[in-house]
1. On a full-extension model of 0.36 nm per residue, what is the gain between Arg238 and Lys429, subtracting their alpha-carbon distance, rounded to one decimal in nm?
2. So the label point goes 7 Å from the Cα of Lys33 along Cα→C-beta, right? Which residues of segment 454-470 then have their backbone N under 19 Å from it?
3. Pull up all non-local amide H partners of Gly123: gap of 5 or more, or a different chain, and H-to-H distance under 5 Å with H placed in the peptide plane.
4. In nm, to one decimal, how far is the Arg96 label point from the Asp388 one, both placed 7 Å along Cα→Cβ?
5. Which residue, Asn242, Ala256, Ala305, has the largest displacement toward the positive end of the dipole of segment 223-353 when charges sit on each Cβ (Lys, Arg +1; Asp, Glu -1)?
6. Need the full-extension length gain, Leu206 to Asp249, defined as separation in residues times 0.36 nm minus the C-alpha distance. One decimal, nm.
7. Would you give the gap between the C-alpha center of segment 305-376 and the C-alpha center of segment 73-134, rounded to a whole Å?
8. May I ask for the equivalent-ellipsoid semi-axes of segment 4-83, computed as the square root of five times each C-alpha gyration tensor eigenvalue and listed largest first in whole Å?
Amino acid sequence: MTAKIHGMTAAELSAAFKAKKLSPVAAAEAFLKRIETLDEKLNCFCLVDRDAALTAAKASEARWKKGAALSPLDGVPVAIKDILVTKGWPTLRGSRTVDPKGPWDEDAPTVARLKEAGAVLVGKTTTPEFGWKAVTDSPLTGITRNPWNTEKTPGGSSGGSSAAIAGRLVPIALGTDGGGSIRIPCALTGLPGLKPSFGRVAAYPLSPFGTVAHVGPMSRTVTDLALMMNVLAKPDARDWHNLPYDAKDYMRDLEAGIRGKRIAFSLTLGGRPKILLEVEGLVRAAIKRLEDLGAHVEAVDPPMADAQEIFHAMWWSGAGYLLGALPEEKKALLDPLLRKMADEGAKIPLRAYFEANTKRGALGSRMRVWMERFDFIATPSVATVAFDVGRLMPTDEATGNAWLDWTPFSFPFNLTQQPAASVPCGFTKDGLPVGLQLVGKMYDDAGVLAAARAYEAAHPLFDKAPPGFE
C-alpha cells in the first residue's frame, strides 16, 4: 500500500486507519517524503515541520489502535495556508514586512478545530503577500507553480494549498477566500473547494479586508470537503461574526442529488466578461450534465452588474488600511503592485467607501430576494485557464481592476456572502483544468456540497493526476 498512499483521499485514509490496514505514521511519512521530493518543482510550502507532524501521527496511531479516534480526520495530513495563525509556527503572510519572531502563541479557529480532530498538520502553504491577488507569488517566497504545467500559475491566493493537493503532497488543506481565493486556485488546479457562507466557519484574527473574507476547505473530492466542514464549522467565540452552531452533519445528505433543483445558469453575471472559448464549452457541457441529472436549468443573469465597482472600492480600501501607514522602509519591501494598490486604496475617500458598502447591502438584499426563485447559480469558476507564472493577468491588457477582470464570477459572491463551490468539469486540449462554480442560497452550505457531489459523481475527475505527480 505504501506506493499508493499519496493517491488516497482523506476519506480513504480514514477508512484504512479504522481497518488497521494503514498507520497514520506511515501516511505522514509518505506525504512528508512527497513534499521533500517534489516541492522543489512547485514551491508550495513555506514551512514544513516534520518532527511535529510525526509526533502528531504517533499520537493518532495510538488512538486508532484503542478505537478512540477523535474524528474521521484523525491522522489525516493537512496543510495550512500561511494567512492563518498557527501556534509555534510563524505566519508571515508572504511578506517581508512581518517579523518572524512573533509571538506565535495561538491558533486560528480552523487550525484549532483540526488539531482537536486529530489531524496531522505538516506545514504552511504559500500565498501572495497578504493574499492580495489571484496568483501565488511573493517577494518572500517566490513563485508557486501549477502541477498540471509548472510554467503556469496555480491561481491564488490559496495557490500553495491548491498546488500541494493537486500534486498529491497532502490530501486536504485550508484556504481563505476574500474574492475567490479558494475557488480560483481550485479551478486552475482541478480540485473541488468551498467558500462557506460568511460566518459559518469561524475566523480570527478577522481579515483587514473586512467581511468579504471567508475560510474554507480544499481537497481532491467533495466528500473530503464535507468531512472537513464537520470539523471546521464548529464554533469559536473569538469570531463575533460566527453563526450559531447547528451541529449539522455535512455527510448526511451529501448523496441527495439535484433532481428537481432549480439552477440559474449565467455566463455574464450581468457584465461583459471575456471568457476563453474552451472554458465556455466545457462549462456548457457541465450544465448539460446537470440537466441530465434532473435539474431544471434556466439561462438568466442575476442582478449584480455593479459588483465589480463595489468590490474594487472595498478591496482597495482594505489594502490602504492594512499597509498605507507603513513606514517607507517597510513599504520598500512590499510587492510593487501591492504597494501601488495600497497607495490607491489609501486615497479612496471615506464617503466613497461608505457608498460602496451601502451599495453592497442593496446588492445582498436583491440577491436574497432573487434567490427565492432558484436553489443554485451555475457559472464558470474562472473566465480563463492557468496562465504563465509571474503575471497578474493572462494577457497584457491591463486595467485598474487588475485580477478582477479575469475572475468576474467569484468576488460577487464574497460581497453577497453566499456559499459557493468550484468543482472540476474538464480539461482543455492543452491539459489544463477548468472549474464549474455552484452558488447556493445563504446558509445552504450542505446543499452546495450535495450539488457539487452530484456533479462529481456524474463526471469524476479526481483520480486523474498531473503528469509527473502520479
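1. Extra length from Arg238 to Lys429 when fully extended: 64.0 nm.
2. What the label zone holds, given the 19 Å backbone N cut-off, is 468-470.
3. Asp49, Ile80
4. According to this spin-label approximation, the distance is 2.4 nm.
5. Final value for the positive-end residue is Ala305.
6. Values: separation 43, 0.36 × 43 = 15.48 nm, distance 2.60 nm.
Between Leu206 and Asp249, full extension yields 12.9 nm more.
7. About 25 Å separates the Cα centre of segment 305-376 from the one of segment 73-134.
8. Result for segment 4-83: semi-axes of 23, 13, 11 Å.
Readers should treat all values here as calculations from the given coordinates under stated rules, not as data from a laboratory. None of these values were measured; they are calculated from a predicted model. Methodologically, a virtual Cβ is constructed for each residue, glycine included, from the backbone with ideal geometry; neighbour enumeration extends over all protein chains shown.
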